[in-house]
Amino acid sequence: MKPDNALKHAILLFAVFLALVPSVFMVLTALKSEEEYTFNKVGLPHTVVFDHFENVLFGSPFFAWMANSVILAAGAVAVSTVVSCLGAYAIARMEFKGRGLLFSVSTALMAIPPVVMIVPLFVLYTQLHLISTYEGAIIIYAGLITPFSVYLLTTFFRTLPRELFEAARIDGAGDLYILLRIVIPLSLPALLTLVVVNALYVWNDLIIAIIFLQDDSKRTLMAGISVFQGRYDNQIPLTMAGMVIASAPMIILYIAFQRHFIQGLMTGAVK
Amino acid sequence: MNQSSRLTPYLYVLPLVILLSFVFGYPLVRIFEFSFKQVRGINGPWIGLGNYRLILSQDLFWESVRHNLLLLLAVPVMVAWSLLIAIVLYERIKGWRLYRVVLFAPYILAIPIIAAVMKKMFQFSGPVNEVLRWLGMDFLALDWIGSSDVALWTVMLFIIWRESALGIILFLARLLSLDESLIEAARLDGASWWQRVWHVLVPQMKGVIEFYVVVSVITMLSSVFSYVYIMGGGRGGPGTSTMVLELYIFSALIKLSLPGIASAVSVLLFLVSLILIVPLFAVRRRANEEEVASS
């Protein structure tokens, strides 16, 4: 049994090494001076320098990019959550014509790649002067994440016990009251999963961001770093310092909310 | 039931219908229309199949298709690797929870950030090649990013690296829901590790493996933009060696201002994803049934 276990540990350690190596390289390199990196690409830094972080933060608008990403993620998640809660409640708990069709179509939309929708929206937005506006991009993001939200919430709402609704109805509660006071409080775990997956999707997206938010002042973090890494192409430690700053928020959130991230992204695997 | 309560459900789904119609419905109708027109700015004359004829006769289009198809080669590697790691983790080695958090990390980190990091790591004079030379494997010290023969394979490595994290977590979750008595019985019968894996574990994971394969195929054909955008310098470079369909649509729309051409490619990509929806729904149902059957 012993050698068997040693082999398993070796395999896992190799997997861990692979999973971490880009992050380790990123952090170690960010701490080296430009001169040191030319002869020491792999090892620990001989002298630790923090100048790159300072240069990145003062030389490039990382905080502005992050603020834009936060605005978009928060806006899109808020819009989508409200719309999806209302829709999913009706699909799960009300009888109406076209209910099955609406749910099937909405679920099927999860499998349509976002790039397919881009051309007409871009043409329309150009005409309506919605390019480089928060509202315009928020609507697109909210739409793209909504099929998954509806799917998840509908399946979850259906698992809530029927008696709960009947009891509330007998007490004379209306639909909106039931949704806000009974269904939503009971669905907080599902909602939290949803917020994590959807916010991460918007935060990490590149294609919508570079097409619909072309103005410098509206650039998101992902669009920002793609410009940043091109501009400082040969200053590798500086670039890596930028990447450390860019990845810090998500790494901190991941460490704090591991379970929600793992659970959520597993559920959202279709995206 | 009175008048208002019959209308209530429709009021609840109205915002949903409006949002989906705007973001999905409108564009899906319009790409078909645009694909038959020579669009300049916001509209243009009807030209029949002109756009399709143009793209189908263009080498760059076929090269993009070929690259998306080549990326499918990553799928079996991802399945094998994820399966191996998930099974080893499942054998409850001490600290598997911590392993799980670490091994899932690649899936959390934003693709553009890691792309920028990998681009530096795999430079010809970068650390990867330095280590390879140090290990005496000079023949492997390729120009990973700069050579048009190698660049797509480097992107593929990057995709495998990240997407395997999802496979590991999905497979591990399925394994943890299995009935342990079966595995225990096989162990008592003197089945070797391979026999246990091949005849006991893998058959019970068929559903989740199929699901992962279909999701990954969809990714390779239609969701690799973030992977190639930074790695290929925004142009699918070097040359056109990392050009994929999404980037083709992007360039036609933004760089060349040819919405008609971009729409024709969008239509083709849409039809491919329509075809893939059928197996996706089938495997998702089967994976769910498998889950229910075992619990």
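Just so it is clear, none of the values below were taken in a lab; they were calculated from the coordinates. What you see is a predicted model; the values in this text were computed from it and never measured. For neighbour counting, all protein chains shown are included, and Cβ atoms are generated from backbone atoms with ideal geometry for every residue, glycine included.
Note on A:Tyr134 and B:Glu184: with the Förster distance fixed at 56 Å, the Cβ-Cβ geometry gives a FRET efficiency of about 0.45.
Computed on the Cα atoms alone, the convex hull of segment B:220-295 gives a volume of 108 cubic angstrom per residue. Once C-alpha pairs closer than 8 Å and six or more residues apart are averaged by separation and normalised to the residue number of chain B, the relative contact order reads 27 percent. Partner shielding of B:116-126 amounts to 6, given as the average count of beta-carbon atoms from other chains within 10 Å of each residue beta-carbon. Full extension of the segment from B:Leu7 to B:Asn43, taken as 0.36 nm per residue of separation minus the current Cα-Cα distance, would add 9.1 nm. For chain A, the 222 nm mean residue ellipticity estimated from helices alone, with every DSSP H stretch of n ≥ 4 adding -39500 (n - 2.57) and the total spread over all residues, rounds to -24500 deg cm²/dmol. Panel values: segment A:88-174, Kirkwood radius from alpha carbon pairs, Stokes-Einstein at 37 °C and 0.692 mPa s, translational diffusion coefficient 212 µm²/s. Give me the angle, in degrees from 0 to 90, between the Cα long axis of helix A:221-231 and the longest principal axis of the Cα atoms of chain A, rounded to the nearest 10. Relative to chain A, helix A:221-231 is tipped by roughly 20 degrees. Considering segment A:194-271 at the alpha-carbon level, its Rg and Dmax are found to be 14.4, 40 Å. Taking the alpha carbon gyration tensor of segment A:79-134, multiplying each eigenvalue by 5 and rooting it gives semi-axes of 29, 15, 10 Å, largest first. Couplings for segment A:90-95, taken from phi via the Karplus curve 6.51 cos²θ - 1.76 cosθ + 1.60 with θ = phi - 60°, read 5, 5, 7, 10, 10, 9 Hz in order; Gly and Pro are left as x. Applying Stokes-Einstein at 25 °C and 0.890 mPa s to the Kirkwood radius of chain A, computed over alpha-carbon pairs, gives a translational diffusion coefficient of 113 µm² s⁻¹.
Extending 7 Å from Cα along the Cβ direction at B:Arg97 and again at A:His46 yields two label points whose distance is 4.4 nm. Calculation over all alpha carbon pairs of segment A:218-257 in 5 angstrom steps from 0 returns a P(r) of 6, 23, 27, 20, 14, 8, 2, 0 percent. Of the DSSP H helices in chain B, those that are both long (alpha-carbon extent of 27 Å or more along the helix axis) and hydrophobic (Kyte-Doolittle mean at least 1.0) are B:151-176, B:259-294. Over segment A:1-60, all Cα pairs binned in 5 Å intervals from 0 give whole-percent P(r) values of 4, 16, 18, 16, 12, 10, 8, 6, 5, 3, 1, 0, listed from short to long. Taking packing as the residue-averaged number of other Cβ atoms within 10 angstrom, the listed peptides A:124-134, A:103-113, A:203-213, A:169-179 run from highest to lowest as A:203-213, A:103-113, A:124-134, A:169-179. Relative to the longest principal axis of the C-alpha atoms of chain A, give the angle of the C-alpha long axis of helix A:115-128, reported between 0 and 90° and rounded to the nearest 10°. The helix A:115-128 is inclined about 80 degrees to chain A.
Counting only other chain Cβ atoms within 10 Å of each residue's Cβ, the peptide A:237-243 averages 3. The Cα atoms of segment A:7-137 cover 70, 51, 25 Å along the three principal axes, with the biggest extent listed first. Relative to the dominant Cα principal axis of chain A, helix A:2-30 is inclined by about 80°. If the limit is 32 Å between Cα atoms, which of B:Lys37/B:Lys120; B:Lys94/B:Lys206; B:Lys120/B:Lys255; A:Lys218/B:Lys120 go over it? Correct reply: B:Lys37/B:Lys120. Based on Cα contacts under 8 Å between residues 6+ apart, chain A shows a relative contact order of 32 percent.
For the segment B:96-104, counting C-beta atoms of other chains within 10 Å of every residue's C-beta and taking the mean gives 4. The label point for B:Leu132 and the one for B:Phe32, both projected 7 Å from the Cα toward the Cβ, are 4.8 nm apart.
Dividing the summed helix terms, -39500 (n - 2.57) for each DSSP H run of n ≥ 4, by the number of residues in chain B produces a 222 nm estimate of -21500 deg cm²/dmol to the nearest 500. Working value for segment B:19-172: equivalent-ellipsoid semi-axes of 40, 25, 14 Å, each the square root of 5 times a Cα gyration tensor eigenvalue, largest first. With N the number of residues in segment A:129-267, Rg(Cα) / (2.2 N^0.38 Å) evaluates to 1.41.
Quantify how much of the Cα-Cα distance distribution of segment A:34-110 extends past 22 Å, in percent. Value for segment A:34-110: 60 percent of Cα pairs lie more than 22 Å apart.
For the protein assembly as shown, the fraction of C-alpha pairs farther apart than 48 angstrom is 14 percent. What the Cα convex hull of chain B gives, in volume per residue, is 203 Å³.
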